Structure formats: structure tokens, C-alpha cells
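Asker: The structure that follows is given in the form of C-alpha cells.
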Amino acid sequence: MELKNCATCHRVFQYPGYGYILCPECRRTDEAQFQLVKKFLDQYPGAEGKEVFLATGVPINTLIKWVREERLISSNAVNLGAVCDRCGKPVSSGKLCPDCRKDIVDKFKETEAEDIEKVEKILPKSKNNGMRFLQ
Ligand SMILES: [Zn+2]
Ligand SMILES: [Zn+2]
């Protein structure tokens, strides 16, 4: 067990090592709020953040947090106000929009390719000593 600060109330609690960093009390509240919003959205799919807030009392910031945690997918994220961390475009889930995600993956692959080239230059080329996968 590890001691952590609750993401909502900042109280120190014993973190079991998995799941959201919420103390047992906030976790219960969070779960109850989530179920409430889920119930509301089942009946009124595509409701705006403001409507969800008025109907359930769950703050829009909490809704955005769920979008970022990918627990909630919002078809009209614009109304919710959740935006991409990188370009500021509205996102329906996670912290980055699909374009930026793809961009990051592409960039990663590019730099990886460069690194692989560098490594190949440094390492003496030998059929016997080179790295290879086990068959
Ligand atoms: Zn808490
Ligand atoms: Zn983006």
C-alpha cells in the first residue's frame, strides 16, 4: 500500500496501486456521479454539458475529467469544452485529438528510425555478434 493524495479532496489515503487516484470516499461519490450521468445520457443522448450539469448537478469539470480518462465519450465535446492538450481542438475522448495522436506516433517512428540508424553505425557489423531475435 502506497500513500497518495486524493485527486479530488487532496486528503492522504492508502492507494491500492491501481485505478483512479481517489480516496474511498471520493471514489464512491465519483462512481455515484458517473452512474447518474450515464443514466441521464442513456435517456438524453448527446445532451450538452450544461444540460448534464443542470440535470445531475455534476460539474462540467468532472465531465471533462471523465472525457480525459476516456471513461466518457462525448459526441459533442465542443459543448463540454474538452480540448486537445496539443492543438486546442475539441476532443471526444482522451487528452489529444486523433490528428495529434497520429502525429505523435509518426514523429516517434521517425526518431526511432534515426536512432536505429545511429546504433547500426556505432555497432560493428558482424553476423555473429549482432543483435537478433531468438528464433
Ligand atoms: Zn478524496
Ligand atoms: Zn490536437
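The values are calculated or read from the model by the stated rules, or taken from the named source; none is laboratory data. All values derive from a computational prediction rather than experimental measurement. Cβ atoms come from the backbone with ideal geometry, glycine included; neighbour counts cover every protein chain shown.
Asker: Restricting the first residue to region 87-110 and requiring it to be of a type outside the set (K, R), which pairs with a second residue that is within 16 Å of ligand 1 (Cβ to nearest atom) and assigned to a helix (DSSP H, G or I) meet a Cβ separation below 9 Å and a spacing of at least six or different chains?
Answerer: none
Asker: I would also like to ask the following. For region 11-28, name all the residues that are within 7 Å of ligand 1 (Cβ to nearest atom) and assigned to a loop (DSSP other than H, G, I, E, B).
Answerer: Correct list: R11, L22, C23.
Asker: Now for a different question. Pick out the one residue from V67, V105, V78, V37 that is part of a helix (DSSP H, G or I), touching a strand residue (DSSP E or B) at 6+ places or on another chain (Cβ under 6 Å) and either modelled with pLDDT of 90 or more or within 16 Å of ligand 2 (Cβ to nearest atom) (or both).
Answerer: V78
Asker: Does at least one position in region 51-64 carry a residue that is closer than 26 Å to P90 by Cα, within 16 Å of ligand 2 (Cβ to nearest atom), in a helix (DSSP H, G or I) and out of contact with any Asp or Glu (no Cβ under 6 Å at 6 or more places or on another chain)?
Answerer: yes
Asker: Test G57 against the criterion of being over 19 Å from the mean Cα position of the chain (by Cα), among the small types (G, A, S) and exposed (fewer than 12 other Cβ atoms within 10 Å of the Cβ), and give yes or no.
Answerer: Against the criterion (over 19 Å from the mean Cα position of the chain (by Cα), among the small types (G, A, S) and exposed (fewer than 12 other Cβ atoms within 10 Å of the Cβ)), G57 qualifies.
Asker: Continuing with this model, one more query. Within region 4-14, does at least one residue satisfy the condition of being at pLDDT below 85 and more than 16 Å from ligand 2 (Cβ to nearest atom)?
Answerer: No, there is no match, as no residue in region 4-14 is at pLDDT below 85 and more than 16 Å from ligand 2 (Cβ to nearest atom).
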